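Trainee: Pasting in a structure now, in structure tokens, and then I'll have a few things to ask.
Only the coordinates and a few stated rules stand behind these numbers; no lab work does. Because the structure is predicted, anything quoted here is derived from the model rather than measured. When we count neighbours, we look across all protein chains shown, and the Cβ atoms used for this are built from the backbone with ideal geometry, even at glycine.
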């Protein structure tokens, strides 16, 4: 049993007083040597997709996390899932069952998954229902399952995707407060730049439109589908910057879980759910 995924919340995303750089990727195999190269070129956190929108666990994504751990000492090793919302190849259609499958598969590689940070990618390019209530029900299952199995998680999305899929008034930020905002504008919004004066901080509101209850992003994905001849030739990477913070995923695991449990009860009442997965 491997224990390299056992990350405390204090190291799951950032552990520096300055901003950091993260990459996320899907579908391509990346070797340990390539991850070492990426770290040498300024990557702090890796985020690997472990569940495909076609409806299957991505073994390549899991192996990439293994290779990343073996090849480099990143500040964080994160996973993300893109839920399957139609014509799932494994016939697992519920959000709850998909999350369960992911966690069980990760548990087959490690002896504990409770402290690993998982992101959920919500993208309008996937075949979501035109019925927003159906989409909300699906997302409620995902949210509740992640809290049962993992205790804390984040969302990857933007205003257009979120509002179209769920409606502008659908909020989960009270329990999923960490957002990777997808806006490929090339601007590293919310990043402390290392300058002579150490005071160059870009406006978090540049191009930002609030949605889902989030008043600001935790991470900005500012470029996507980028290929380079350096380190990982031909592999498409998304570029993410995260700002200097002293809270959020850095909180002690037990304290964070206690807070999350209280948030989950509030979420259930607000959404009028009949089932609480605790």
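Trainee: Can you give the FRET efficiency for residue 168 and residue 28, using 1/(1 + (r/R0)^6), R0 = 41 Å, r = Cβ-Cβ distance, to the nearest 0.05? Present the calculation step by step, with values, prior to reporting the outcome.
Mentor: Working: r = 35 Å, r/R0 = 0.85.
About 0.75, to the nearest 0.05.
Trainee: Cβ neighbours within 10 Å, averaged per peptide: list 42-55, 86-99, 125-138, 166-179 in order, most packed at the top. Spell out each step's value before the answer.
Mentor: Values: 42-55: 21.3, 86-99: 16.4, 125-138: 14.3, 166-179: 18.8.
Per-residue mean Cβ counts within 10 Å order the peptides as 42-55, 166-179, 86-99, 125-138.
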